[in-house]
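What follows is a single structure, written as structure tokens, with notes after it.
The values are calculated or read from the model by the stated rules, or taken from the named source; none is laboratory data. Just so you know, these numbers come straight off a predicted model, no measurement behind them. No Cβ is skipped: glycine too gets one built from the backbone with ideal geometry, and neighbour counts run over all protein chains shown.
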Amino acid sequence: MNAPLKHKTLAAAIADQLRQAILDGSHLAGAQLRQDALAETYGVSRIPVREALFQLEAEGLVKIVPHKGAIVSELSLDEINDVFELRCILEPRMLERSAPRLSEEDFARLDTIQGQFVGAIAEHDVAHWGVLNAEFHMALYARAQQPRTQAIVAALLQTSDRYTRLQLSRTEAMGIAEKEHGELIALCRAGAVGPACAFLQSHIRSVQADLLRVLGRTPRLR
């Protein structure tokens, strides 16, 4: 049963619920999202549904196809490479600025997120893997004082959410992610900024390479 739509515009609330359904696999790649059916499901007119679908199209989660309507986007190798290569450029740059400024309160928050991430993995809580992964990375960059870059990276992490969930679906990958997040915290806490930035880039690259392997392709990484 869908949660009540409160405290947000209808379009934003519907977009949130549809986004979650796409990311957790309830709406599979290639599935058609019919406006009339969705409007009936949410008990609204087609107008907020249409606005929500336009928002999801802007995020790359759906494609609006003439005479077919909204289709859940296929997993894209080109998008994986584009998103993760941008992350490799921007995130170490942000960490370099942020790490020396992280306070004990910041580290406490990182430890909390890491604990929640470990718990979600243990419980196989797929719905929260991507969210906690993004929260962890953004907490690392909280003191970067680069608001425009932070906004770009937040959008990239949202785009990579469904790919991250696919990659973390393997037990081995879950263990690696948990260990590497812990190593990033330890390096930052020790003040090893250079090694932390290098490790972060390696971490992002390894997720990219693993995703391409999962999708049955040999990674071509620079």
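Only a single item in (1) touching a Phe, Trp or Tyr at 6+ places or on another chain (Cβ under 7 Å); (2) modelled with pLDDT under 95 is not met by residue 94, and it is number (2).
A single member of 149, 112, 159 is modelled with pLDDT under 95 and of a type in the set (S, T, N, Q), and it is 159.
So which of 148, 87, 165 is closer than 27 Å to residue 61 by Cα and touching a Phe, Trp or Tyr at 6+ places or on another chain (Cβ under 6 Å)? Break it down stepwise before answering.
Details: 148 fails: touching a Phe, Trp or Tyr at 6+ places or on another chain (Cβ under 6 Å); 87 fails: touching a Phe, Trp or Tyr at 6+ places or on another chain (Cβ under 6 Å).
Checking each option against the conditions leaves just 165.
A Cβ distance below 8 Å, combined with a sequence gap of six or more or placement on separate chains, defines the contacts here; from segment 33-57, residues that are over 16 Å from residue 22 (Cα atoms) and assigned to a helix (DSSP H, G or I) reach residues that are modelled with pLDDT under 95 and among the acidic types (Asp, Glu) in the pairs 46/36. For residues that are without any contact (Cβ under 8 Å) to a residue 60 or more places away in the chain and of a type in the set (Phe, Trp, Tyr), scanning just segment 116-165, find the one that is surrounded by the fewest Cβ atoms within 10 Å (Cβ to Cβ). Applying the filter and picking the extreme gives 136. Checking the structure you have, find out if any residue of segment 9-21 is surrounded by fewer than 16 Cβ atoms within 10 Å (Cβ to Cβ), in contact (Cβ under 8 Å) with a residue 12 or more places away in the chain and assigned to a strand (DSSP E or B). No, segment 9-21 has no match at all. Where residues in segment 158-214 are in a helix (DSSP H, G or I) and among the basic types (Lys, Arg), which of them is farthest from the chain's Cα centre (by Cα)? Top of the filtered list is 189.
Residue 144 meets the conditions (1) within 29 Å of residue 215 (Cα to Cα); (2) modelled with pLDDT of 90 or more in every case but one. The failed one is (1). Summed over segment 22-32, the residues that are in a helix (DSSP H, G or I) and either surrounded by fewer than 15 Cβ atoms within 10 Å (Cβ to Cβ) or β-branched (Val, Ile, Thr) (or both) give a count of 1.
Among what's in segment 80-110 and is β-branched (Val, Ile, Thr) and in contact (Cβ under 8 Å) with a residue 60 or more places away in the chain, pick the residue that is surrounded by the fewest Cβ atoms within 10 Å (Cβ to Cβ). Looking at the filtered set, the residue picked out is 83.
Checking each residue in segment 166-193 for being of a type in the set (Gly, Ala, Ser), closer than 15 Å to residue 204 by Cα and touching a residue at least 60 places away in the same chain (Cβ under 8 Å) picks out 177, 182.
Quick one: would you say residue 113 is in contact with a helix residue (DSSP H, G or I) (Cβ under 6 Å, 6 or more places away or on another chain) and either crowded, with 20+ Cβ neighbours inside 10 Å or closer than 16 Å to residue 83 by Cβ (or both)? Spell out the reasoning first.
Numbers: in contact with a helix residue (DSSP H, G or I) (Cβ under 6 Å, 6 or more places away or on another chain): yes; either crowded, with 20+ Cβ neighbours inside 10 Å or closer than 16 Å to residue 83 by Cβ (or both): yes.
So residue 113 passes the test.
Considering segment 34-71, and only residues there that are crowded, with 16+ Cβ neighbours inside 10 Å and touching a Gly at 6+ places or on another chain (Cβ under 7 Å), the residue that is farthest from residue 129 (Cα to Cα) turns out to be 35.
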